[in-house]
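In what follows, a structure is listed as structure tokens, so that the remarks can point back to it.
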Amino acid sequence: MSLIGKLAGGLIHKGRLNLVMADGEREAIGPGDGSEVTVRFADKKVPIDIARNPRLAMGEAFMDGRVEIVDGSILDLLQLLQKNNRWEEGGLARAGIGREFWNGVKRFARRNAPDKSKKNVAHHYDLSDELYDLFLDPQRQYSCAYFSDPGMGLEEAQLDKLAHIAAKLHLRETDHVLDIGCGWGGMARYLHKVAGCKVTGITLSEEQLKYARAKAEELGISDAVDYQLVDYRLLEGQFDRIVSVGMFEHVGEAHYDEFYRACRRLMKDDGVMLLHTIGRFAEAAAPDPFTDKYIFPGYHIPSLSQMCEASEKARLIPSDVECLRLHYAYTLRHWLERVEKEKDAIVALYDERFYRMWTYYLAGGVVMFEDGGCCNYQVQYLKDRRAVPITRDYMLETEARYRAIS
């Protein structure tokens with residue numbers, strides 16, 4: 001058996017992976033009970049590259065067309081591999097000698113100063129508007145939707161996500177809300193629509209800022225919904241409410257204490273904050289090298305314990321915590337399906353290599369939320385324990401009312 005066959009053989013105990021080498025030689029790996037995928041290597045060096053650095057080289061080889069999925073899809077391949085290594089079935093992590101030291105070194109090396117953060121954001125979010133319009137919903141919600149039913153459509157699920165988050169903010173019409181990492185501005189516009197409050201959205205993406213401002217102008221709400229190009233660390237003033245959706249992943253582990261200190265400084269004494277972020281079920285790990293290199297440079301996915309440790313130092317009370325286990329998997333499946341449907345348009349915008357990169361990224365996300373170690377956390381924070389009612393009933397009642405409006 002080849003080196004790559006031995007490597008894969010140690011991973012696959014359900015289903016079957018068929019490998020076709022560049023010279024036509026074939027290998028079958030796995031017992032064959034369940035899903036079956038066939039992969040062809042375009043040249044002799046591909047299996048060697050993958051064996052040396054599988055987490056990066058597999059994605060690069062697929063992106064470059066050196067790995068071809070003959071039977072199945074890239075999602076089928078990644079599902080086959082991940083279902084043989086489900087997070088729930090893994091062993092307990094063991095800390096090695098010197099692990100904390102090296103983790104500290106890595107945290108320091110991955111510091112995101114304001115200028116670096118802006119560059120990292122531009123790498124992903126300043127892509128063509130046409131690309132995002134091809135697979136996102138009309139509000140351009142580029143974060144996990146909320147599925148009360150797995151079979152519901154993406155547009156409805158994204159609107160329900162907005163209502164779900166807005167209800168946790170316990171909004172008043174007189175509130176001034178800060179949206180940290182406002183994206184294309186959909187959350188800010190929604191909060192003003194359902195609660196009548198004033199909203200300031202901040203972003204580091206110049207393209208997103210242009211879109212958000214133009215949309216507010218089009219709707220005639222620029223006086224109430226303002227967007228600024230500014231780093232949260234440099235922002236002045238105080239706000240009644242703070243919301244941040246899909247931004248914390250870009251903060252960087254080395255800056256968690258700084259983030260929560262800034263949020264406390266920006267929040268009024270009776271303020272409420274809702275943080276929505278991708279998270280890990282267990283101890284945070286090194287970023288996926290393919291995603292870090294090609295998709296989201298400088299990102300870090302936190303564990304709940306990391307978030308708690310940092311927020312505790314800032315004396316922010318985690319008054320409500322929700323774990324969304326499968327919602328992002330459903331969301332990503334919708335995005336992947338739309339991207340595959342729009343292949344010709346995406347290739348025309350960029351090229352075949354970009355299309356392959358994007359499908360690999362989305363398919364990898366699906367399997368990480370279906371069987372890997374990722375989820376989404378929604379955490380409500382308070383400075384004062386009396387800032388919201390003592391039961392969660394107000395969330396349910398408000399969410400139903402907001403859904404009826406939207």
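Structural remarks
- Scan of segment 199-210 for residues that are surrounded by fewer than 19 Cβ atoms within 10 Å (Cβ to Cβ) and either in contact (Cβ under 8 Å) with a residue 24 or more places away in the chain or hydroxyl-bearing (Ser, Thr, Tyr) (or both), ordered by number: Glu206, Glu207
- The requirement of being in a loop (DSSP other than H, G, I, E, B), closer than 28 Å to Ala195 by Cα and over 14 Å from the mean Cα position of the chain (by Cα) is not satisfied by Arg401.
- Leu171 of a type in the set (A, V, I, L, M), surrounded by fewer than 24 Cβ atoms within 10 Å (Cβ to Cβ) and in a loop (DSSP other than H, G, I, E, B): yes
- Which listed residue is in contact (Cβ under 8 Å) with a residue 24 or more places away in the chain and either in contact with a Cys (Cβ under 6 Å, 6 or more places away or on another chain) or closer than 16 Å to Lys198 by Cβ (or both), from Asp240, Asp223: Asp240
- Every condition in (1) part of a helix (DSSP H, G or I); (2) touching a His at 6+ places or on another chain (Cβ under 9 Å) holds for Leu396 except the one numbered (2).
- Condition met for Ala188 (within 30 Å of Leu326 (Cα to Cα), modelled with pLDDT under 95, under 21 Å from the mean Cα position of the chain (by Cα) and part of a helix (DSSP H, G or I)): no
- Within segment 214-235, one or more residues are assigned to a loop (DSSP other than H, G, I, E, B), more than 16 Å from Met267 (Cβ to Cβ) and open to solvent by less than 20 Å² (accessible area, probe 1.4 Å).
- Residue in segment 253-276 that is surrounded by fewer than 17 Cβ atoms within 10 Å (Cβ to Cβ), more than 30 Å from Met63 (Cβ to Cβ), touching a helix residue (DSSP H, G or I) at 6+ places or on another chain (Cβ under 6 Å) and of a type in the set (Ser, Thr, Tyr) present: no
- Within segment 278-381, helices (runs of 4 or more DSSP H) holding 1 or more residues that are open to solvent by 10 Å² or more (accessible area, probe 1.4 Å) and more than 30 Å from Pro138 (Cβ to Cβ): 289-294, 304-313
The values are calculated or read from the model by the stated rules, or taken from the named source; none is laboratory data. As the structure is a computational prediction, the values presented were derived from the model and not from experiment. So basically every Cβ, Gly included, is an ideal-geometry build from the backbone, and we count neighbours across all protein chains shown. With ligands, DNA and RNA removed, areas are computed over all heavy atoms of the protein, side chains included. Shrake-Rupley method; radii C 1.70, N 1.55, O 1.52, S 1.80 Å.
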